[in-house]
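Participant: The structure's right below; bear with me while I get my questions together.
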Amino acid sequence: MSELPENNNFDLLRRLHRELWPEISSVVAFDVPVIDHASLLIKGAGAAGTAIHQDRPYWLGKEASPTIFSVWIALEDMSTERGGLMLSRENEVGVSEMSSFNTGSILEHEESGEPAGGFPISITDQVASRMAESMRFIGMAKGEAVAFDSFEPHMSGPNVTPDPRLSMKIAYAEGKEKTRYLTRTDTLERSS
């Protein structure tokens with residue numbers, strides 16, 4: 001890997017990974033664990049909510065068999081007013097059940113000319129309106145995280161506060177057959 005720029009956020013990624021991975025790795029049996037991608041999720045003051053969607057339709061071209069799953073981390077205390085993450089409590093499982101990740105199905109999605117919250121592919125209005133009743137805000141204090149697979153429907157509300165909402169997503173995957181990913185976990189762990 002070439003030299004990284006001084007201000008590259010790898011220090012934040014490394015710190016979060018070291019906190020999260022020990023518990024996750026005990027139940028996710030990847031031969032070559034990688035971080036497929038990681039993103040700071042900054043929802044601006046007054047920004048719209050993100051429509052209900054699954055990640056798998058976005059990742060179909062990344063891998064034939066689904067392994068990618070997301071860990072969504074609160075970088076500050078989350079609230080409904082700040083546009084925090086919303087999931088269906090009906091799908092909630094404990095860490096010990098993570099081995100059943102990525103075994104769902106893709107719901108009907110549609111492309112939108114004006115994507116809510118920047119996601120151009122979202123679950124169709126007809127399906128989303130039925131699902132909306134089961135979607136619940138996930139209250140998280142700064143530093144807490146929730147993991148979900150690529151088939152999990154999720155969304156976020158609008159940020160109605162005068163300040164941006166700060167969170168991060170780390171997407172882990174099996175890297176054995178991948179040629180493109182952000183970094184291997186062992187490489188990240190060896191770096192200072």
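Participant: Output the residues belonging to segment 16-54 that are in contact with a strand residue (DSSP E or B) (Cβ under 9 Å, 6 or more places away or on another chain), farther than 19 Å from Thr103 by Cβ, among the charged types (D, E, K, R) and exposed (fewer than 13 other Cβ atoms within 10 Å of the Cβ).
Facilitator: Glu19
Participant: Right, something else. What is the residue count in segment 178-192 for residues that are in a helix (DSSP H, G or I) and surrounded by fewer than 16 Cβ atoms within 10 Å (Cβ to Cβ)?
Facilitator: Of the residues in segment 178-192, 4 are in a helix (DSSP H, G or I) and surrounded by fewer than 16 Cβ atoms within 10 Å (Cβ to Cβ).
Participant: Here are some residues: Gly143, Gly175, Gly157, Gly139. Which one is small (Gly, Ala, Ser), more than 14 Å from His37 (Cβ to Cβ) and surrounded by 20 or more Cβ atoms within 10 Å (Cβ to Cβ)?
Facilitator: Gly157
Participant: Among the residues of segment 58-77, what is the count of those that are under 15 Å from Phe148 (Cβ atoms), crowded, with 16+ Cβ neighbours inside 10 Å and out of contact with any Pro (no Cβ under 8 Å at 6 or more places or on another chain)?
Facilitator: 9
Participant: Could you tell me whether Gly83 is at pLDDT below 90 and assigned to a loop (DSSP other than H, G, I, E, B)?
Facilitator: Criteria not met by Gly83.
Participant: Is one or more of the residues making up segment 54-63 within 17 Å of the chain's Cα centre (by Cα) and assigned to a strand (DSSP E or B)?
Facilitator: Within segment 54-63 (the criterion being within 17 Å of the chain's Cα centre (by Cα) and assigned to a strand (DSSP E or B)), the answer is no, since none of the residues qualifies.
Participant: For segment 150-172, which residues satisfy the criterion of being within 12 Å of the chain's Cα centre (by Cα) and part of a strand (DSSP E or B)?
Facilitator: His154, Met155, Ser156, Ser167, Met168, Lys169, Ile170, Ala171, Tyr172
The values are calculated or read from the model by the stated rules, or taken from the named source; none is laboratory data. Every value quoted in this text rests on a predicted model; they were computed, and no experiment measured them. Backbone-built Cβ (ideal geometry, glycine too); neighbour counts: all protein chains shown.
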